[in-house]
Structure formats: structure tokens, C-alpha cells
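A.B. asks: Please find one structure pasted underneath; my questions will follow.
The values are calculated or read from the model by the stated rules, or taken from the named source; none is laboratory data. Keep in mind the model is a prediction, meaning the values are calculated, not measured. Please note: Cβ atoms are built from the backbone with ideal geometry, for glycine as well, and neighbour counts cover all protein chains shown.
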Amino acid sequence: MTAPKSAIIAQLQKDILPLQGFKKNRNSTILDLNLGPVKNAFPNAQFPIGAVHEFCYTGAEDAAATSGFVSGVLASLMRTGGVSIWISADRMIFPPALQSFGIAPDKIIFIDLQKESDIEWAMEEALKCNGLAAVVGEMPELSFTASRRLQLAVEQSQVTGFILRRNPRSLSTTACVTRWKITSIPTILADDMPGVGFPCWKVELLKVRNGKPGTWQIEFAAGKFRHLPPAIILDVQEPQKKTG
């Protein structure tokens, strides 16, 4: 009896996923980021572990937003133990601030290098070490060949990689599984109280293999990501328009 066409397509999609970098984690770990509807953008509704993720941004404000979002993901990856490596030429992140995302600063090994080629080499070598939870590398430019080497490294080690690209000259095709853009949005304060609320971001998933790109509003509160419905954002922005 011939299988239904839908069943054949579903099986083909499962067979293709490993070829695209979505290999099953050796520890069968499912990373729950509490991202709400964002998880539906990924194949099998699971954040890709053991893959390379690309983040593009401009300016110091977007750099802070991107580092914050990545730190929130790192906290989930490191929850079961292990350390991560953060490689950069001009480190922007303030290590003690990682505690607000649930990360002990001494669990991050910071490596400061001047040459972009050295950062690329160090990241590739670090991604081969299966004892790490994740590796973050700050490099503005990334060729397809370089990204392919990084992706091949994580497919063997199952370490998750994050590439932070500030002011990239071009956004050509790479072998990264996803491409993101994170920007800040107004924080939400209860009952119009003064002060600064929890970090809030506009999260744009620009590219995801075999998934569905999209845009969402996300807040990081009480050590967790929280999806913000559009109505809440409108309620925050409307008073600003009236008083601006």
C-alpha cells in the first residue's frame, strides 16, 4: 500500500533536517526558552542546539540589546552545568551584568583578540570542544566558507555557537542555521511607576532553515523570556506619543 503524499513529505523533511545542521542532541536535551510563539518558527518547535546562530546589529544600543538576548539564551544552555567562551576584539559586555540573566561571570571565559582572523580561528577551535555549553564570537564579517567551517565544527561537538556581527559590510549567504536582529523597545512599568523596567526587545528572526521567520516582542523578567502581545506594546507606546 502506497503511503499518503503528506506522510512522504513529512518523512523527507525529517531526513533533510540533519543535512541542514539540525542534528538531534546527544543528550536528548530540549532547550525551553519560554519564547512562546517564537518556538513555532523552528523545525519541530525546538530552538536549534548544536548549531551556529548569526546576529546582526548596528550601534551601541543594539549591541547591548543583542548581548542581552544572547545572554538569556546562554543562561538556559548553561543551566545544566558547563562553561562558555566569549571571544571579541573590543569587548562591550560588562561581566558582572551577566548575573541579571542568571549567569555567574566566572562561568564565562573571555578571550580578547585584536585580529578578526584570530577571532575566527579561536571560535572554530573552541566550537570543537564538546565540553563547552556555547561559544560566542564577535566578528563583523563572515564569509560562507568560514561559516561552513564553524557549522561543521558544531555538528561534530554539538556545541552551540553565536556570531555577533556589528556593522557588517554585507549580509551575504552564510551556513548559519538562523539570522537574527535584536533591537530595544520601551520597557513596561506597572501602574505608571517611575524607573526602569525589565529588558524588552523587538526580536526579528530574519532567516531560519526549514522554519518560518517572524517578528515578536520579548521581555526578560524573573530569569525568563516572556512573549509580549502586541496590545501591551501599543499601551506602552501610546502615552509616549501623547506626551512627545
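A.B. asks: Pairs please, first residue from region 32-45 and on the phi > 0 side of the Ramachandran plot, second anywhere and in a helix (DSSP H, G or I) and surrounded by 14 or more Cβ atoms within 10 Å (Cβ to Cβ), Cβ atoms under 8 Å, 6+ apart in sequence or on different chains.
C.D. replies: Asn44/Leu17; Ala45/Lys39
A.B. asks: Just checking, does region 103-118 include any residue being small (Gly, Ala, Ser), assigned to a loop (DSSP other than H, G, I, E, B), over 16 Å from the mean Cα position of the chain (by Cα) and within 25 Å of Thr215 (Cα to Cα)? Lay out the reasoning, then the answer.
C.D. replies: Taking region 103-118 first, the residues small (Gly, Ala, Ser) are 104, 117.
Narrowing the set further to residues that are assigned to a loop (DSSP other than H, G, I, E, B) leaves 104.
Narrowing further to those that are over 16 Å from the mean Cα position of the chain (by Cα): 104.
Keeping just the survivors that are within 25 Å of Thr215 (Cα to Cα) gives none.
No, because not a single residue in region 103-118 is small (Gly, Ala, Ser), assigned to a loop (DSSP other than H, G, I, E, B), over 16 Å from the mean Cα position of the chain (by Cα) and within 25 Å of Thr215 (Cα to Cα).
A.B. asks: Then there is this: Return the residues of region 127-154 that are outside any loop (DSSP other than H, G, I, E, B), under 17 Å from the mean Cα position of the chain (by Cα) and not β-branched (Val, Ile, Thr); say none if nothing qualifies.
C.D. replies: Step one: list which residues in region 127-154 are outside any loop (DSSP other than H, G, I, E, B), which gives 127, 132-138, 144-154.
Going one step further and asking which of them are under 17 Å from the mean Cα position of the chain (by Cα), we end up with 127, 132-138, 147, 150-151, 154.
Those that are outside any loop (DSSP other than H, G, I, E, B), under 17 Å from the mean Cα position of the chain (by Cα) and not β-branched (Val, Ile, Thr): Leu127, Leu132, Ala133, Ala134, Gly137, Glu138, Ser147, Leu150, Gln151.
A.B. asks: Moving on to the next point. Against the conditions (1) touching a Pro at 6+ places or on another chain (Cβ under 9 Å); (2) exposed (fewer than 15 other Cβ atoms within 10 Å of the Cβ), where does Arg166 fall short? Just the number, please.
C.D. replies: Looking at each condition in turn, Arg166 falls short on (2).
A.B. asks: Further question on the same structure: I need the full set of residues from region 65-83 which are more than 23 Å from Gln217 (Cα to Cα) and either modelled with pLDDT under 90 or crowded, with 22+ Cβ neighbours inside 10 Å (or both), in order please.
C.D. replies: At the first step, the residues of region 65-83 found to be more than 23 Å from Gln217 (Cα to Cα) are 78-83.
Arg79, Thr80, Gly81, Gly82, listed by residue number.
A.B. asks: Name every residue in region 89-128 that is of a type in the set (Gly, Ala, Ser), surrounded by 14 or more Cβ atoms within 10 Å (Cβ to Cβ) and either under 17 Å from Leu74 (Cα atoms) or in contact (Cβ under 8 Å) with a residue 60 or more places away in the chain (or both), in order of residue number.
C.D. replies: Restricting attention to region 89-128, the residues satisfying the condition of being of a type in the set (Gly, Ala, Ser) are 89, 97, 100, 102, 104, 117, 122, 126.
Within this subset, residues satisfying the condition of being surrounded by 14 or more Cβ atoms within 10 Å (Cβ to Cβ) are 89, 97, 100, 102, 122, 126.
Selection gives Ala97, Ser100, Gly102, Ala126.
A.B. asks: Additional query: Could you look through region 200-219, keep only residues that are touching a residue at least 24 places away in the same chain (Cβ under 8 Å) and among the polar types (S, T, N, Q), and pick out the one that is farthest from Thr66 (Cα to Cα)? Walk me through how you get there before you give the answer.
C.D. replies: Narrowing region 200-219 to residues touching a residue at least 24 places away in the same chain (Cβ under 8 Å): 200-201, 203-214, 216-219.
Those still in the list that are among the polar types (S, T, N, Q) too: 210, 217.
Numbers: Asn210: 24, Gln217: 14 Å.
Out of the qualifying residues, it is Asn210.
A.B. asks: Just to be sure, is Val177 under 16 Å from Ile49 (Cβ atoms), out of contact with any Pro (no Cβ under 8 Å at 6 or more places or on another chain), of a type in the set (A, V, I, L, M, F, W, C) and touching a residue at least 60 places away in the same chain (Cβ under 8 Å)? Full working, then the answer.
C.D. replies: Numbers: under 16 Å from Ile49 (Cβ atoms): yes; out of contact with any Pro (no Cβ under 8 Å at 6 or more places or on another chain): no; of a type in the set (A, V, I, L, M, F, W, C): yes; touching a residue at least 60 places away in the same chain (Cβ under 8 Å): yes.
Considered against the rule, which asks whether it is under 16 Å from Ile49 (Cβ atoms), out of contact with any Pro (no Cβ under 8 Å at 6 or more places or on another chain), of a type in the set (A, V, I, L, M, F, W, C) and touching a residue at least 60 places away in the same chain (Cβ under 8 Å), Val177 comes out as no.
A.B. asks: Here is a check on your reading of the model: is Gln237 surrounded by fewer than 14 Cβ atoms within 10 Å (Cβ to Cβ) and either at pLDDT 90 or above or at negative phi (or both)? Don't jump to the end; show me each part of the working.
C.D. replies: Working: surrounded by fewer than 14 Cβ atoms within 10 Å (Cβ to Cβ): yes; either at pLDDT 90 or above or at negative phi (or both): yes.
So Gln237 fits the description; yes.
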